[in-house]
Amino acid sequence: MRKVIEKVEQLMELGGTKKEIVFLIISGIALIVSIFGWNPLPFDAAWIAIILCGIPIVVEAIIGLITAFDIKADVLVSLALIASICIGEDFAAGEVAFIMQLGALLEDLTVAKARAGIEKLVHLTPQTARVISDGTEKIIPAEQVKIDDVIRVLPGETVPVDGIILSGETSVNQAVMTGESLPVDKSAGDEVSSGTVNQFGAFEMKATKVGEDSSIQRMIRLVQSADAGKAKIVGLADRWATWIVVIALTAAALTWMISGEIIRAVTILVVFCPCALVLATPTAIMAAIGNATKHGFLVRQGDALERLAKVTKITFDKTGTLTYGTPMVTAVQSVSDYSQDEIYSLTAAAEQMSEHPLGKAIVRCYGTKPPIADEFKMIPGEGVSAVINGRRVLAGNLKFISKNTAAGSVQPLETSAENYLNQGCTVIYVAIDEKPAGYLALSDTIREDGRQMVEALNQIGVQPVLLTGDHQNAAEAIAGQLGIREVHANCLPEDKLRQIDTYQKNGNSVCMIGDGINDAPALKKANVGIAMGGVGSDIAVEAADIALVDDEIKELPHLVSLSKRVMKTIKINLTFSMGLNFLAIILAITGLLGPVIGALVHNAGSVLVIINSALLLTWKRRQ
């Protein structure tokens, strides 16, 4: 007996979903025992299902009625349960309780787990700042920094507040704000934002926005508030519950009064239970989630597929979403006697000890081992210098080359590189022995099948839009290659949020696809947020409703089409279940159906709904 008590205690300690599954298994076995008469117990085994599955439904119905006079589907279920028990139809009561709890479990399984994205974003907030006062450096909590304080930021440190650089040159990784992976060169007079990372040189800055006004704090507030208006979809059975209860009670009362047979009234209550209605949506969604998983999508919010079916615009981030997010050398040009191969080789040699992402990209793209470099020197915010085979090679921005060559000699470089700059490329200029020699153009590359994906979305009736923190030329170049007609460049997180809000106010349902921390507010604000699960930040994934695990955006049209198919399946399920309900009611009124057969017929409809939903598991989009 003690072991039995211990097992029961362990069972009660199980978490919500696990406990529901265990109760359903026990109840299902009990109902099988009851219907076939294999009953070793001193009471009908169906009572096990009534207790484990039925009592929670009755309790929840009573609480809802007392606390908020909230009439849901469980009110009608409770009436059917109690009425069936009163006339001795225990199996009918247990069966109804079991099927309703099965529907509730499926709904629970489609609800997303609690998100930790905001907490992770908070961890990005700088904790300390190096404040310079009277020539001395003092480390204080970042929240104590005041406007006009002078702050020193060392290489590798996070900028504590928004401000303007007073002295020093560096490169700053602004991915947290713009989503662009390449660092941006900064010098005196340039603005820097809190949460961005100083990569190479030390600098001093004057604080302009502190505390709650800083960029990273604004980002946190955007994420916290962005999905406040994203209403959850209420189950259809609960939405119509009041009318269902009124109709069921009226039909049952009139039938009892006219026929004088209470069993007919109870049968009406049993067959009127919205079992199939409750199962119509969650079973279809669960099957669709299984289908989506096979195509690389992790659906974190069950109702996301319902919302996705209504989407009219899909907004894309650029870097890491439509592109691979890694710069590639796309062109090498010479404006001197040196060949393109020589310029490429010497530049790769000069950059092989560089920590700059562009320098690493050049070495990676060069492929073979470059010549050995001597006297390597990195100038933060400008470029690198090295001696290769006796020749002094400089590689960096135009200002760096201009400063170290004869006055006016960089004009051919500027003129030649202008076309690449207009295409959105990043240009690394090269000088050899103090003379301009040529340049390398680097650009991000679009993902394979990106253009076909955009064309497929247009065919489905969904308009792609590019929202990026990159500059206009780069954005338009990528959009042109992909066939995206609407482009919004230079977007900060609040700009993306504002653009999505504008679309929504104009009657559009919007899906946002991104990968960066800066995309988190937009992912939550959109009707549906999809994060790149492979290259995406944890915060972006946590903020999204759906994660694309393998980053294969070519599967996106399948997901959108699948969502539309889900809604069609749900409508078929609802129409069928309602039609079956009314047919069963007519048969119950005429006395052709008793409570047990009525429950079996009624729940046969639930089984057919499940089978129809299961077809979504193998559904494929027609090309």
Consider the range 200-209. How many of its residues are modelled with pLDDT of 85 or more and not in a strand (DSSP E or B)? 1
Residue check for Glu476: surrounded by fewer than 24 Cβ atoms within 10 Å (Cβ to Cβ), among the charged types (D, E, K, R), out of contact with any helix residue (DSSP H, G or I) (no Cβ under 6 Å at 6 or more places or on another chain) and at pLDDT 85 or above: yes
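Yes/no matrix, rows are residues, columns are (1) closer than 22 Å to Glu382 by Cα; (2) out of contact with any Asp or Glu (no Cβ under 8 Å at 6 or more places or on another chain):
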{"position": "Thr415", "(1), (2)": "yes, yes"}
{"position": "Ala456", "(1), (2)": "no, yes"}
{"position": "Gly480", "(1), (2)": "no, yes"}
{"position": "Pro493", "(1), (2)": "no, no"}
Only unsatisfied item for Ser613, checking (1) assigned by TED's automatic domain parsing to the domain that holds Ile35; (2) at pLDDT below 80; (3) closer than 24 Å to Ile460 by Cα, is (2)
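Being part of a strand (DSSP E or B) and surrounded by 15 or more Cβ atoms within 10 Å (Cβ to Cβ) is the filter here; which residues of the range 133-144 pass it?
Just the residues of the range 133-144 that are part of a strand (DSSP E or B), to begin with: 133, 136-141.
Residue satisfying the conditions is Ile140 alone.
Conditions (1) crowded, with 23+ Cβ neighbours inside 10 Å; (2) modelled with pLDDT under 75; (3) not in a helix (DSSP H, G or I), marked per residue:
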{"position": "Trp243", "(1), (2), (3)": "no, yes, no"}
{"position": "Ala251", "(1), (2), (3)": "no, no, no"}
{"position": "Thr281", "(1), (2), (3)": "yes, no, no"}
{"position": "Ala284", "(1), (2), (3)": "yes, no, no"}
{"position": "Gly302", "(1), (2), (3)": "yes, yes, yes"}
Can you tell me which residue is farthest from Thr321 (Cα to Cα) among those in the range 459-477 that are in contact with a strand residue (DSSP E or B) (Cβ under 7 Å, 6 or more places away or on another chain) and outside any strand (DSSP E or B)? Val462
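Limited to the range 488-518, what total is found for residues that are farther than 22 Å from Arg307 by Cβ and in contact with a Gly (Cβ under 9 Å, 6 or more places away or on another chain)? Before you say what the answer is, go through the steps one by one.
Taking the range 488-518 and keeping what is farther than 22 Å from Arg307 by Cβ, we get 488-492, 494-495, 516-518.
Then keep just the ones that are in contact with a Gly (Cβ under 9 Å, 6 or more places away or on another chain); that gives 489-492, 495, 516-518.
Result for the range 488-518: 8.
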Hey, Val384 hits all of (1) of a type in the set (A, V, I, L, M); (2) surrounded by fewer than 22 Cβ atoms within 10 Å (Cβ to Cβ); (3) farther than 28 Å from Leu482 by Cβ but one; which does it fall short on? (2)
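Can you go through Ala104, Ala93, Ala30 and tell me which one is assigned by TED's automatic domain parsing to the domain that holds Leu279, at pLDDT below 75 and part of a helix (DSSP H, G or I)? Show your work before the answer.
Numbers: Ala93 fails: at pLDDT below 75; Ala30 fails: at pLDDT below 75.
Exactly one of Ala104, Ala93, Ala30 is assigned by TED's automatic domain parsing to the domain that holds Leu279, at pLDDT below 75 and part of a helix (DSSP H, G or I), namely Ala104.
Can you tell me which residue among Thr315, Thr267, Thr326 is in a helix (DSSP H, G or I) and either out of contact with any Lys or Arg (no Cβ under 8 Å at 6 or more places or on another chain) or at pLDDT 90 or above (or both)?
Residue meeting the stated conditions: Thr267.
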Any idea which of (1) at pLDDT 85 or above; (2) farther than 30 Å from Ala386 by Cα; (3) touching a strand residue (DSSP E or B) at 6+ places or on another chain (Cβ under 9 Å) is the one Ala437 doesn't satisfy? (2)
Pairs with Cβ under 9 Å, 6+ apart, first in the range 363-389 and free of Cβ contacts under 8 Å to residues at least 12 places away in the same chain, second assigned to a loop (DSSP other than H, G, I, E, B) and β-branched (Val, Ile, Thr): Arg364/Thr326
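Among the residues of the range 390-401, count how many are free of Cβ contacts under 8 Å to residues at least 60 places away in the same chain and within 26 Å of Asp470 (Cα to Cα).
Start the filter on the range 390-401 by keeping residues that are free of Cβ contacts under 8 Å to residues at least 60 places away in the same chain, which leaves 390-396, 398-401.
Next, only the ones that are within 26 Å of Asp470 (Cα to Cα) stay: 395-396, 398-401.
Number of matching residues: 6.
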Of all residues in the range 399-411, which are within 42 Å of the chain's Cα centre (by Cα) and either crowded, with 19+ Cβ neighbours inside 10 Å or not in a helix (DSSP H, G or I) (or both)? Phe400
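Looking at this structure, is Ile35 modelled with pLDDT of 70 or more, loosely packed, with under 10 Cβ neighbours inside 10 Å, of a type in the set (A, V, I, L, M, F, W, C) and more than 13 Å from Gln101 (Cα to Cα)? Steps first, please.
Working: modelled with pLDDT of 70 or more: yes; loosely packed, with under 10 Cβ neighbours inside 10 Å: no; of a type in the set (A, V, I, L, M, F, W, C): yes; more than 13 Å from Gln101 (Cα to Cα): yes.
No: the conditions fail for Ile35.
The values are calculated or read from the model by the stated rules, or taken from the named source; none is laboratory data. Bear in mind that the values here come from a model prediction, so they are computed numbers and not experimental data. Neighbour counts run over all protein chains shown; Cβ positions are idealised from the backbone, glycine included.
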